[in-house]
Each structure stands twice: as structure tokens, then as C-alpha cells.
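The structure appears below as C-alpha cells.
The values are calculated or read from the model by the stated rules, or taken from the named source; none is laboratory data. Owing to the predicted nature of the structure, the values given are computational and were not obtained by experimental measurement. Methodologically, a virtual Cβ is constructed for each residue, glycine included, from the backbone with ideal geometry; neighbour enumeration extends over all protein chains shown.
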Amino acid sequence: MPRPTRLKTPRADDNQFQLRLVVALLFMLLMFLVLAGRFVWLQVIQYDHYSTLAQNNSISLVPVQPNRGLITDRNGIVLAQNYSAYTLEITPSKTGDLEAMVVQLGTLVELTPRDMKRFRKFLSENKKFEPSVLKMKLSDEEAARVAANGYRLPGVEVKARLFRDYPYKELTSHVLGYIGRIGPRDKENIAEEQKTANYRGATHIGKLGLEKVYEDELRGIPGFEEVETDYLGRAIRSLKRTPPKNGNDLKLALDIRLQDVADKLFGQRRGALVAIDPQTGGVLALLSKPGFDPGLFIDGIDTQSWKNLNEDWQKPLINRALRGLYPPGSTFKPFMGMAALETGAIGPNEVRGAPGYFTLPGSSHRFRDSKPSGNGSANLSKAIAVSSDTFFYKLAWDMGIDRIHPVLGQFGLGSRTGIDLDGEAIGVLPSKEWKAKRFSKMKPEYQRWIPADVVSIGIGQGFNAYTPLQMANATAILAADGKVFKPHLVQTITDSKSGKVQLVEARPQRQLAFKQQNYDYIKQAMEGVLKPGGTAWRLGQNLTYRMAGKTGTAQVVQIKQGAKYNAGALAEQHRDHSWFIAFAPAEKPTIAVAVIVENAGFGAAAAAPVARGVIDYYLTGKVPADVNALLQTMAQAETPDSGVSEASAPVPNKKTHASPSP
Amino acid sequence: MHPHPLKRLWHSIIQPLDAWLMLFLGLLFVLSLLVLYSASNETFGKIDNKLVYSALSFGILWLLAWSRPQTVMMFAPPVYLVGVLLLVAVELFGIIVNGSQRWLNLGIMRIQPSEIMKIALPMMVAWYFQHNEGQIRWWHYLVGLAIILVPGVLILKQPDLGTATLIMTSGLFVLFFAGLSWKVILGAGAGFLASLPLVWHFMHDYQRRRVLTLLDPTQDPLGDGYHIIQSTIAIGSGGPWGKGWLSGTQTHLEFIPERTTDFIFAVYSEEFGLAGNLILLLLYMAILSRGLMITARAQTLYGRLMAGSITLTFFMYAFVNMGMVAGILPVVGVPLPFVSYGGTATVSLAVGMGMLMSIANIDRR
């Protein structure tokens, strides 16, 4: 590179350059003149205006919190509401000796160790000039006492604040979720989604369930109040108020009384129930047992309660309806039947053997039926009614996974239903691709699909794993002859300002292209389950409407029960899960239900009575007079359901194929 | 006869410095200490820090003023390259702060590579033209533009529209002084105005909101609009003569956000009024005029281009900051040169001033 020397440029260029310098100088002068003009405008011409503004700038803008939207059930019964209560708040920057002040306040109101702990937490999170809550929900008497002493309590304020309340507590915990204090993570999210203006002065945000999913609807938009303040920043009087826009109200498709009936039928047992209106996709009930009290979380749960909930072996915090993955057991058979009819694997009247066991060609391993003597011979309809395992082993073997998988996938099995709740599990609808991916870290022979894998899948065991919500959704799709909806809890959203009612999901998303005669056939077969000879015939007694259903028994515990060994629970946890899916009235179904009762044995014994009670209530309004009586009748000797007994373990045996169980 | 050793030391210290620039900068420094004291609620914490980083900045300024410009110029290509590589690294591994990816975590410290580019980019363009002196064709301007656009686009992607614009403009100033055709300049200006709707289309939400806030600050009176509303009130209520030092109510009642950094001009303006504002404008204009004089006298092409670019960039910082606080430009994070509190900005400004003085020195040696 040549060293820069004195300019070689001729004079003409120099003139050019000097001209540009002059232009730059003039440009800068001009721009500064613009600025000077702006200053003259602000500081001379508009001086009086701004001077007044500055003097009144003892006026501060205070955000006014909107009321959070209400949540009601389909009949207008309130499930989530707000109530007003007093809180005691301290602004440290305005209080001289904070510790002395707290001691002084302790003589006026009762301060528990929990209040103090929470107060310390708020102090560390908030800025010094922001008020921190010392005690929530003061009694009227306490509020009056503090107010009367207000003159000697600088920086102390009693404020009316709205609190959230869930009157049905455990019953709605897995549906509504809860709101909680806005934490650092929430703050980040709010900033990222550019919603900071919406959360000025806000303390709480939806954390789980509908409260979280519909946060934007429920939250509302804060208003402003112009408040004149004294030199200490204390509000003297309100000058102008821009009212907040309150949150929108949600009306659910859910029927809280139906939910309550289901809950009572469950009693202390664990499990889940989902009921869907097949004609609208509205979720009529969604229960996960056990639940928890959502109120505990609103202002920060205390350590002991959290420990209790989190370490409970029954896992009350897990939403089983949404996240519990269970093999569907024999409730899978009607859908297998649809696949068989649609693919032409079997004719409607074709009769096949249904012996006591099934063996693969060239193998001595016996896939045994739950009924050791077998069911003789049967057509598809009878095979569903009596829940013949060998019939479906053979059917699955004949069809192969490639013909089963696409049809069942259309019923939404193995994919998210798209319900308006967060955290839905996907489940497993087995296929060759799935297996290769699932075991991709293992040796190739474990990844390859083995024809025998399909056998136990045929009766809803093996790799199959679905959520109760998926089973209810699939049942609803079948009941509605292939009309597919996104299941939704929220039916309407009412705008708080205009009163305009917005309907959610009124139209089906798509229509499955299966033959009507096949729907009719399978639905009729499911009616047969509740008729003499069917596995749930006892349950079908005294019906005042036509009901169709299917029992099931799931063998594998899929919910992770935590690492801790619990001797008391273990024996019970080894028992099978009881399944029942049903819909009614059979001619034009308005309710489809899936019930699972964990570790309760045969499907017909535990889950079916719950479904019967729920559907009875929904269609006839009859509350089961005595739940125990109902359960007793049903629990009496039933035809054992399929795929359960020790001997007929349908889990693939090492002798026949070497698939690792998921 | 030998002069006193202290006198000789003094002489060697002031020898590389430009007397006029030092005078103006010194006045600006005194003024900035006064404002900072008032803005930080009459406490000394920030004053102490400012003294420390100002001393450091002066050291850097002196070192650059003492160096020969052509020596410093040699560093242009490597520094530029490292800067571009760091920007790419930010793109790949950067930390996201406030929704944009500007920082690079080097384990021991986090750096913002766009800061390096503030000086490296105009240096690189000036170096390029010096390198091709005497044989400059139209396509040299295209290459110059490419040198500007590569880091410019990388910073734009972070996304940091404000910094990207400032840095690219400092490069464009070099092109301007290098004799870019007037037709091209006017054409590009017209083209830019015509493409504004398109620019709007590609803007991020927060950037659009800043522009909207400028047009109607009352939209979010507790948020973005708040800064502009409160700073305009501060300036306006200062009146012709100001409320007096330490007597700004807006400032002392904490209505001015970021009042020691980007919005420090509101504090100054409230307390010293229109008179103070005009004095500040004059002071800046004096620095700028001196800068242009140095540019005019520079003896190498590189010297001319760098001096011109440094001067115009300095002007742009001052103008954009005051315009923003006075509510006629959107809110972008630009400090008021040598007045706003902040070490990084001061150091890079000092580097610019040091280079300017070293260019001024060349014919004195």
C-alpha cells in the first residue's frame, strides 16, 4: 500500500471539496436553526402552557385495574368470580423506619409469619417507591383501625383490591386453572409480546387452564386516573378518570352440575372423565381426579401445601384428562372395527372363529383370550359386544399396521385434539415410522416393525397410548357419524363493553369420508355391549333411552408415579385401569363420554357405572339417588372384560418378538 | 537555556492537542458535570464515575492525537474485519436483551460489536478511497457502499434500527466528501422518501410504535409516550431563562425518565431555559466549525474524509438527541455527545476527537 502523501488532487477537485464543506456547514446550521425554532416554540411561545403543565405535574397518572372477566358454566352458574377486599400496603420510600412501622402495625392487625415472609419477598421484588403488600384480606374492623391511625402511619395505605375466587375449588381446578402473581418470567413474556401497556399496575396473570389460555380475553385493559398528589406523592383528589375496559366474560359449554355428578360417582378414586357434545364439540364435563384447591396458588402457595401437593403419590397436579396416557384396552375395538370395515378386511356379516387363544403362523406363543374357553365363532358385531380378543388379534394380524394406522388417525387418536387448554399430550398411535423414531437410539432390530407387534395393538394394548380426552373425542366423532370438532370448553365470549357475544367453534372442522352404513354398523354393535350377552349388559338395564358403549381394561401404568417407592399404594397401583366409552341417545347422540378409573379392574365394573350415572343425569336430569347403591349393582359379577387376566397377558412375549415395551 | 522540566512535560502533553477543540470540550465538560449533578439528585456517585471514565477517555484522546493519522489508518482493515466477524458471531451466538440480539458474551465480559463499528466503518471507507487515490471511478463508490452495507445490514438484523442508521450514515458521509455525484445523492434522497412506505412495512412493531408515539404521545401515556410528554413539558416550562440550576421541578420530582443518560438534555433545558439551549447549540456549532476547518486543511485524502465524517457524525448525534428529547424525532438510543452519562459512548466520541486532532496536527509537525 502506498503511504498517503500530500494530496495529489488538482485544484478543480479541491474546489469541489470546499463546496461540499460549505454545503455541510450550511446543512448543520439549518438543522440547528430548526432545533432553535423548536426551542423558541416550546420555551417562549408555548411557555405558559407548559409552565402550567409542569406546576400541575404534581398530578400523576395512576392505572386503574380492570375487573377480570367472569367464567360461568353453560347454565350461567359462576365458576370464577371476583370479590373486593382490603389490603394493607406499605411504600418503603415514604416510611421512615420500616421495621418500627411493621411492629407498630402488628399492634393494629394480626400479622402471621406467612404474612411477614410474603412481605419480605415483595420488598425484595418491588422498588422502594412501589407499595408492597403487608397483609391481604383485612377484616372490616382491622381496616377501620388502620384508617383511624392513618395520620401517624406515613407510607401506609389500606387499599380495596379485587381478589379471584373459585367457589367450586377442586371440582374445577383442572378446567379453570388459576391466576397467580406476575413473576419475572411472566414479565419477560409480556414485554416480548408487546403487551406492557395492558399490564400496568397489574399484579396477577393467568397461570394455568382456561385462566391462562383466555388470559387476553379475561384480563381487560387498564384505565387511568389523574390524581393530584401532595409533595409526598400522596393522592389528594381524583381529577379525571379514563375507565378501564373490563375483561370479557366466558361462558363454558361445561355443565357444572354434570361435573359434580361425575365427581361424586368417582368418590375418592383416581381417574378422569371427559364428556363431549358430539353435535357441537362442546366439552360438557372434564374431570381429573384427584384435583386441588386452585385458591392456594393465587397469592403464592406456601411451602408446606406445595410439598403436600407435589409429593402426593396420587399426583393431584397432573391433569389426567389431558396429560394422562393410557392404553385404551378394549375401548379401541369399535375403532378397529371401523378400520376393518372401511378397508374391506372383513365383511359385515362374515363369521369367524373366536377361540380361546391365537397363535401366529410358525410360532407356538399363545395370545390368549380373557375368556379361556373362547367365544366360539362371531361376526364383527358380536365380537365387539362380547369383546373377543382372539377375533381382534386375528383381524389386526390380517390387516397389518399400515391399514390400521391411517383410519384410526382420522379419529384424532395419537394427535392433539386442539382443545382450548394448554399442555395436551400427543399419545401414541403406533406406526412403522413411529417405532423407528421412538427407538432410534437402540439397535436396528428394535427399531424395525415386527409383524407380531400389530397383534396386541388390535385389542388396544401394546404401544397404544391415548388421553381420556382423545378417547372422548374419538367417541364423539363416531357418534356424530364422522363430524369432527375441535373440543372446546368455552362456548361464548361476551364483550364487556359492547355486550357482543362471540360464539366459539359453531361449525365442524371436517367430515370424515367413511361409509354411513359402517357408522351404523359399529354404533349398533356398541349398543349390543349394553344388551344381554354384552360385556356391560347389567348396566343396560332400565334404560329410558338408547345407549351405546364399550368396556375396556388397560394394563399398563402410564402415568409416571414418581421415583418414590410407596408400599401402601403399590399393590393398588398394580391393578388394571377400568375404561368405558359411551354415547347416547344412540339415534341422535347429544353426549359422548370417556371414563377411566385408575387401578379399578374391569371396565364394566368401575368406569361404566360412572358413565351411566353421568349420561342418566344429562339426558333425564335424574341425579343418581344413591351413588353407592348404583356402584354396588354394577359391580356385581360381570363377564370379565378382555385382555386382563394373568394368563392372557397380551404384552408381546420375548419368545415371539423382541420389541422393547415403551 | 533549558526550560524547566515540568514546563517541558506540560509542553509535551499539550503539544498534540488542538487548543480550540480542547477549549470547547472543556466548557462542555464543566457544563455536563453541572447537569449530571442536578440530574442525579445532587449525589456524587455518578459524578465520580464520570470523572473516572472521562480521564480514561482523555488518555485515549491524547494517545490518538499524538499518533500519526497514517499509522492509525493502517488499523482500519483489520479492525473492520474483526468488527464484521463479531457481528456475525452476534448473529449466531449473541445474547438476546430486550428482544434484540446485540451483545456477545465473551465469558468474562459482554461486548456490543456495533460500538466498534462506529469508528471502524468510516475509517475503512476512508482507507479504501485513500488506497485508490487519483484513480477513483464510479464503481469505487459501489465498493464503498458495500463496505457500509455489510455491517449495516448485520446490525439492522439484530434488530437495532437506530444504531444501524447512525453507523451507515457515518460511512455515507465519507462517500459524500469523497465526491459522490450530486445527482446520485439527490436521486438516492428522493428514492428513500419514495420507499418510506416500504420501510414501514419491514419495521418491527416496537419501531413502528416509536414512530406512532411521536405522532401521538397520548396513546400510551404511561409508557413510551410518557418520555416525550414529560421531556417536552420540562423543556417548555424552562422558559426563556430556565428555572435555575438544581431547581427543575420536572427533574427533581422524577418525572424525567433516563434523566442522566438519553434524556439529560431535558434536565439541562428545564434549568437553563432557552438561553442555555442556545449556548449549548453555539458550543456544539463551535466544535463542528473547528472540525470543518480541520477537514478543510487536511493534507491527505484519508485525513479529509475521516475528519469530515467525524465532524458530521458528531453533529448527527447532537441533533438527533436534542430532536428526540424536544419531540421532533422518534425515540432512539442516542446520547447527547459528552453530556449524557455513559462510559462507552464517551470513549468512542473521544476516539473520534483524538483522530480529528491528529489530522489537525499533520502539518504542524
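Scanning region A:187-202 for residues that are among the polar types (S, T, N, Q) and free of Cβ contacts under 8 Å to residues at least 24 places away in the same chain, we see that the one that is farthest from the other protein chains (Cβ to nearest Cβ) is A:Asn189. Set side by side, the residues A:Arg74, A:Arg6, A:Arg20, A:Arg38 differ, and just one is buried (at least 18 other Cβ atoms within 10 Å of the Cβ) and either more than 7 Å from chain B (Cβ to nearest Cβ) or at pLDDT below 90 (or both), which is A:Arg74. Every condition in (1) within 12 Å of chain A (Cβ to nearest Cβ); (2) in a helix (DSSP H, G or I); (3) of a type in the set (S, T, N, Q) is met by B:Gln299 except one, and the failing one is (2). Mind listing just one residue for me: the one in region A:239-260 that is under 42 Å from the mean Cα position of the chain (by Cα) and surrounded by fewer than 16 Cβ atoms within 10 Å (Cβ to Cβ) and, of those, modelled with the lowest pLDDT? My answer is A:Lys240.
No other residue among A:Gly462, A:Gly414, A:Gly409 is small (Gly, Ala, Ser) and farther than 18 Å from A:Trp579 by Cα apart from A:Gly409. Being under 18 Å from the mean Cα position of the chain (by Cα), within 14 Å of B:Gly352 (Cα to Cα), within 10 Å of chain A (Cβ to nearest Cβ) and assigned to a helix (DSSP H, G or I) is the requirement here; does B:Met306 meet it? Spelling it out, it is not the case that B:Met306 is under 18 Å from the mean Cα position of the chain (by Cα), within 14 Å of B:Gly352 (Cα to Cα), within 10 Å of chain A (Cβ to nearest Cβ) and assigned to a helix (DSSP H, G or I). If you go through region A:340-361 and keep only what is closer than 16 Å to A:Asp398 by Cβ and small (Gly, Ala, Ser), you end up with A:Ala340, A:Gly344, A:Ala345, A:Gly347, A:Gly353, A:Ala354. For region A:250-284, the set of residues classified as of a type in the set (Val, Ile, Thr) and assigned to a strand (DSSP E or B) consists of A:Val274, A:Ile276, A:Val283, listed by residue number. In region B:330-337, is there at least one residue being within 11 Å of chain A (Cβ to nearest Cβ) and touching a Lys or Arg at 6+ places or on another chain (Cβ under 6 Å)? No; the residues of region B:330-337 include none that is within 11 Å of chain A (Cβ to nearest Cβ) and touching a Lys or Arg at 6+ places or on another chain (Cβ under 6 Å).
Per-residue answers, yes or no, for (1) touching a Phe, Trp or Tyr at 6+ places or on another chain (Cβ under 9 Å); (2) over 17 Å from B:Leu25 (Cα atoms); (3) surrounded by fewer than 24 Cβ atoms within 10 Å (Cβ to Cβ):
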residue: B:Thr311; (1), (2), (3): yes, no, no
residue: B:Tyr317; (1), (2), (3): no, no, yes
residue: B:Val325; (1), (2), (3): yes, yes, no
residue: B:Gly333; (1), (2), (3): no, yes, yes
residue: B:Ala345; (1), (2), (3): yes, no, yes
residue: B:Val351; (1), (2), (3): no, no, yes
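Every residue, every condition in (1) surrounded by fewer than 21 Cβ atoms within 10 Å (Cβ to Cβ); (2) modelled with pLDDT of 65 or more; (3) not assigned by TED's automatic domain parsing to the domain that holds A:Leu530, yes or no:
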position: A:Phe583; (1), (2), (3): no, yes, no
position: A:Glu587; (1), (2), (3): yes, yes, no
position: A:Thr590; (1), (2), (3): yes, yes, no
position: A:Val595; (1), (2), (3): no, yes, no
position: A:Val610; (1), (2), (3): no, yes, no
position: A:Asp616; (1), (2), (3): no, yes, no
position: A:Ala629; (1), (2), (3): yes, no, no
position: A:Asn653; (1), (2), (3): yes, no, yes
position: A:Pro662; (1), (2), (3): yes, no, yes
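Whether any residue in region A:50-65 is away from chain B (no Cβ under 14 Å), under 16 Å from A:Arg161 (Cα atoms) and either under 32 Å from the mean Cα position of the chain (by Cα) or assigned to a strand (DSSP E or B) (or both) is what I want to check. So far as region A:50-65 goes, no, none of its residues is away from chain B (no Cβ under 14 Å), under 16 Å from A:Arg161 (Cα atoms) and either under 32 Å from the mean Cα position of the chain (by Cα) or assigned to a strand (DSSP E or B) (or both).
A single member of A:Arg120, A:Arg114 is closer than 30 Å to A:Leu317 by Cα and out of contact with any Asp or Glu (no Cβ under 9 Å at 6 or more places or on another chain), and it is A:Arg120.
The residues listed here are B:Leu180, B:Leu198, B:Leu222, B:Leu193; of these, the one that is at pLDDT 75 or above, assigned to a loop (DSSP other than H, G, I, E, B) and not small (Gly, Ala, Ser) is B:Leu180. Only residues that are modelled with pLDDT of 90 or more, among the β-branched types (Val, Ile, Thr) and touching a strand residue (DSSP E or B) at 6+ places or on another chain (Cβ under 6 Å) were counted in region A:454-484, giving 3. Checking each residue in region B:249-288 for being more than 7 Å from every other protein chain (Cβ to nearest Cβ), part of a helix (DSSP H, G or I) and hydroxyl-bearing (Ser, Thr, Tyr) picks out B:Thr251, B:Tyr268, B:Ser269, B:Tyr284. Annotation note: Cβ proximity below 6 Å between a residue of region B:129-142 that is within 7 Å of chain A (Cβ to nearest Cβ) and a residue that is surrounded by 17 or more Cβ atoms within 10 Å (Cβ to Cβ) and part of a helix (DSSP H, G or I) (sequence gap 6+ or interchain) occurs for B:Gln130/B:Leu301; B:Gln130/B:Tyr302; B:Glu133/B:Leu301.
Looking only at residues of region A:164-204 that are farther than 17 Å from A:Leu309 by Cβ and under 16 Å from the mean Cα position of the chain (by Cα), we find that the one that is surrounded by the fewest Cβ atoms within 10 Å (Cβ to Cβ) is A:Ile179. Here B:Gln158 passes the criteria (1) under 19 Å from B:Val82 (Cβ atoms); (2) modelled with pLDDT of 85 or more; (3) in a loop (DSSP other than H, G, I, E, B) except the one numbered (2).
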